[in-house]
């Protein structure tokens with residue numbers, strides 16, 4: 001009994017791979033000799049298998065040239081995702097800036113009295129430093145000079161004289 005084209009088509013892959021029993025292989029060969037439709041199917045299958053073999057051996061290098069079109073929906077979804085991520089980042093940055101502005105204590109403006117007090121402190125510290133420098137010329141006054149420098153650093157820490165006193169203590 002001869003097989004139909006549909007039955008032969010199901011066997012073509014195994015026939016091309018030479019995995020059929022001899023009797024089945026003979027039946028397929030006889031059918032192919034008579035049927036041009038099935039021969040074309042077999043030739044197309046063999047070309048596909050050859051191409052797959054080349055790609056496999058070539059380490060898939062040839063697939064870089066193959067461009068598979070991405071459906072329009074997938075492209076829109078990707079851009080929607082990027083837009084959502086960008087919007088989230090922008091929202092976080094905006095919230096953090098607003099938070100810092102609202103939560104950070106306002107810097108205290110200096111009043112005239114405060115400025116005057118700082119000037120007086122700087123002057124006092126500078127006079128004490130000058131006196132300590134004069135005493136430093138005498139070798140016996142070294143402990144007194146050291147105490148004076150510590151006093152300036154402790155009492156007037158924000159002044160230039162305190163910074164100078166720290167440097168002189170290190171020498």
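Values for this structure:
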item: Condition check for residue 95: modelled with pLDDT under 80 and out of contact with any helix residue (DSSP H, G or I) (no Cβ under 6 Å at 6 or more places or on another chain); result: no
item: When residues of the stretch 147-163 are limited to those that are closer than 13 Å to residue 130 by Cα and free of Cβ contacts under 8 Å to residues at least 24 places away in the same chain, the one surrounded by the fewest Cβ atoms within 10 Å (Cβ to Cβ); result: 148
item: The stretch 14-44: number of residues that are within 53 Å of the chain's Cα centre (by Cα) and in a loop (DSSP other than H, G, I, E, B); result: 3
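The values are calculated or read from the model by the stated rules, or taken from the named source; none is laboratory data. These numbers were taken from a predicted model, which means no experiment stands behind them. Backbone-built Cβ (ideal geometry, glycine too); neighbour counts: all protein chains shown.
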